[in-house]
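*Asks:* Sending over a structure as structure tokens; questions will come in a sec.
The values are calculated or read from the model by the stated rules, or taken from the named source; none is laboratory data. Here the structure is a predicted model, which means the values were calculated and not measured. Note that each Cβ is placed from the backbone with ideal geometry, even for glycine, and that neighbours are counted across all protein chains shown.
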């Protein structure tokens with residue numbers, strides 16, 4: 001049994017054989033600590049992964065690795081990979097066997113000045129974990145996809161949030177598949193008091209108006225007679241108040 005993941009100060013995952021996990025979970029339950037089983041195929045990030053590591057490293061050596069173009073948080077070391085550095089196949093073997101230091105990696109990225117975090121995945125799980133690690137009014141957590149929600153809606157919501165915060169969006173690239181025109185240079189928020197109304201033409205041409213004689217009333221009204229039952233068909237005694245309209 002081993003610690004598999006440290007997601008935050010109050011969220012830790014342990015992995016191992018079920019026979020070893022059961023007494024530990026029972027003890028945590030007796031202490032009032034909430035636990036939950038994770039249904040997975042293997043006990044990842046634990047000694048149970050060691051038999052496959054030689055083959056895994058052999059497969060990892062077949063991959064061509066490129067230097068990092070942006071800083072990248074590393075879950076194995078909890079540090080940041082600098083631009084220009086390259087990961088080795090051995091790193092991914094350690095990643096499969098050792099604990100995931102998610103909280104440390106997130107804090108390392110935050111120390112580098114990162115305040116906006118975009119999660120790429122089918123449902124926002126890491127955003128919730130990240131909020132428990134880093135707290136503050138200046139942090140933004142954005143999902144891309146959300147279970148039960150239209151994919152396009154989720155992507156546009158996050159893109160709109162980034163645009164409101166001042167990020168430059170390549171709208172021409174965004175609209176290229178749709179072949180539609182794009183308005184450029186509009187203010188990102190309503191507090192920029194600059195008007196964008198179309199200027200009126202220099203000369204105005206009067207529009208002819210119709211006279212009363214040109215408006216035939218028969219086009220707007222249609223007389224209709226409605227057949228009502230005769231008085232003889234009504235009950236002999238009729239109660240209530242009646243209002244009768246008639247000609248002179």
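*Asks:* Would you mind telling me which numbered condition in (1) farther than 30 Å from residue 43 by Cα; (2) touching a residue at least 24 places away in the same chain (Cβ under 8 Å) residue 133 fails?
*Replies:* Result: residue 133 passes all but (1).
*Asks:* What are the residues in segment 15-51 that are under 19 Å from residue 94 (Cβ atoms), without any contact (Cβ under 8 Å) to a residue 24 or more places away in the chain and surrounded by 11 or more Cβ atoms within 10 Å (Cβ to Cβ), if any?
*Replies:* 42
*Asks:* Which residue is nearest to the chain's Cα centre (by Cα), if the candidates are limited to segment 66-118 and must be in contact (Cβ under 8 Å) with a residue 60 or more places away in the chain and part of a loop (DSSP other than H, G, I, E, B)?
*Replies:* 101
*Asks:* Now for a separate question. With the structure loaded, tell me whether residue 49 is more than 18 Å from residue 99 (Cα to Cα), modelled with pLDDT of 95 or more and assigned to a helix (DSSP H, G or I) or whether it fails that test.
*Replies:* no
*Asks:* So, one more: Report yes if residue 209 is part of a loop (DSSP other than H, G, I, E, B) and at pLDDT 75 or above, otherwise no.
*Replies:* No; evaluated as a whole, the condition is false for this residue.
*Asks:* With 142, 183 as the choices, which residue is in contact with a helix residue (DSSP H, G or I) (Cβ under 9 Å, 6 or more places away or on another chain) and modelled with pLDDT of 95 or more?
*Replies:* So the residue among 142, 183 that is in contact with a helix residue (DSSP H, G or I) (Cβ under 9 Å, 6 or more places away or on another chain) and modelled with pLDDT of 95 or more is 142.
One line per residue, one yes/no per condition, for (1) part of a loop (DSSP other than H, G, I, E, B); (2) at pLDDT 95 or above; (3) under 9 Å from the mean Cα position of the chain (by Cα); (4) under 21 Å from residue 75 (Cα atoms):
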| position | (1), (2), (3), (4) |
| --- | --- |
| 121 | yes, no, no, yes |
| 130 | no, yes, no, yes |
| 136 | yes, no, no, no |
| 148 | yes, no, no, no |
| 153 | no, no, yes, no |
| 156 | no, no, yes, no |
| 168 | yes, no, no, no |
| 172 | no, no, no, no |
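*Asks:* Tell me which residues, restricted to segment 6-45, are touching a helix residue (DSSP H, G or I) at 6+ places or on another chain (Cβ under 6 Å) and closer than 23 Å to residue 73 by Cα.
*Replies:* Within segment 6-45, 6, 7, 8 qualify.
*Asks:* Here is a further query. Residue by residue through segment 1-23, note down the ones that are closer than 14 Å to residue 102 by Cβ and either under 30 Å from the mean Cα position of the chain (by Cα) or not in a strand (DSSP E or B) (or both).
*Replies:* Correct list: 4, 5, 6, 7, 8, 9, 10, 11, 12, 13.
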